[in-house]
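Reviewing the structure listed below.
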Amino acid sequence: MLYSKRLTPLYESLASYFLKPSRGSAVFAKTSPVHLISLRTMAKSKFEYVRNFEVDDTCLRNCWIVVRLDGRNFHKFAEQHSFTKPNDDRALNLMTRCAQAVMEELEDIVIAYGQSDEYSFVFQKKSNWFKRRASKFMTHVASQFASSYVFYWKDYFQDQTLLYPPGFDGRVILYPSNQNLRDYLSWRQADCHINNLFNTVFWNLVQKGGLTTSQAEEKLRGTLSGDKNEILFSEFNINYNNEPLIHRKGTALVWKKIDEITTKTIKLTNEEKEKEIVVTRTRKKVTPLHCDLIGEEFWEEHSEILEDDS
């Protein structure tokens, strides 16, 4: 029947508001289905104009879509949660676990790269997720990452209570060519090296050298990479090249095919007996790598990441 379908609570409430009798007027003593359907049309046509205020933020086609997240005020967050300096492996591994959760949710992400309190997610050029709306990409990645950070916190900080939820800001950048994308990831990895070298020297001067933070900052003012390496080696017997790769190179997340071996019980034909057989299944898994992204070796080994530029 045309009017047998139950009205949604929204339209029922609208009907009770707009169609209730008022003093001094003879309006509907009883709300009829025709009036309610007219109300539906009116509500749609009268108020839907507000959608015209929305801005079209569709990402240009045939471009790599990169969403980069940065921790909001993470210097304060790290202090209040007693992060180890210069690097806290618990925090780095938690960031990577959150990034894995994002990639598992959005399989159009072909590679992610993270260091310190930031992570970049690269969506394939032909992705049509969320109709390529930049705001959808950014908000989904940011919300999934932030909620995962809270969800997995206890797995990495068993003895440290999460005092308050962290925040992450995000941005969307488009790169039209493979070389542009590679240069972007190279830039982020170079930034990782520069920051980590400075922090490694700085905190050794403070923690082992007995300097105040102001004195350490003054000592490092104007120094180059070679100078910092010399300070580490001559004063603390540290060869920077022997520092953990996760600190010097950051973390790249890629999809890798892995074989999972399990046992399966089957019933033999025309027999009561059961038999266990070994079953091998191949599936894709997000895998962390701590390696150089600037040279050619990584891209030759993972040639499936980049799409044809033509």
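The values are calculated or read from the model by the stated rules, or taken from the named source; none is laboratory data. It should be emphasised that the depicted structure is a prediction, and the values quoted were computed from it without experimental measurement. Quick reminder, even Gly has a Cβ in these numbers, built from the backbone with ideal geometry, and neighbours come from all protein chains shown. For the accessible areas, the whole protein counts, side chains as well, though only heavy atoms, and no ligand, DNA or RNA atoms are used. Shrake-Rupley method; radii C 1.70, N 1.55, O 1.52, S 1.80 Å.
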Please compute the contact order of the range 110-217 in relative form: average sequence separation of alpha-carbon pairs under 8 Å and at least six residues apart, divided by the residue count, as a percent. 18
Taking the alpha-carbon centre of each part, the distance from the range 49-77 to the range 288-310 in Å is 26
Pick out, in residue order, every one of the chymotrypsin sites (Phe, Trp or Tyr not before Pro) in the range 46-124 that is DSSP loop and has at most 11 other C-beta atoms within 10 Å; say none if there are none. none
Can you order the peptides 287-295, 243-251 by their average number of other Cβ atoms within 10 Å per residue, highest first? 243-251, 287-295
Could you list, in their original order, any pairs among 208/228; 76/136; 228/249; 136/284; 125/256; 126/256 whose Cα atoms are separated by more than 23 Å? 76/136; 136/284
Per residue accessible area of the range 247-305, 1.4 Å probe, in Å²: 73
What does the charge count near residue 140 come to, summing +1 for each Lys or Arg and -1 for each Asp or Glu among other residues with Cβ under 15 Å from its Cβ? 0
Loop-located trypsin sites (Lys or Arg not before Pro) in the range 121-173, at most 13 other Cβ atoms within 10 Å (DSSP): 126
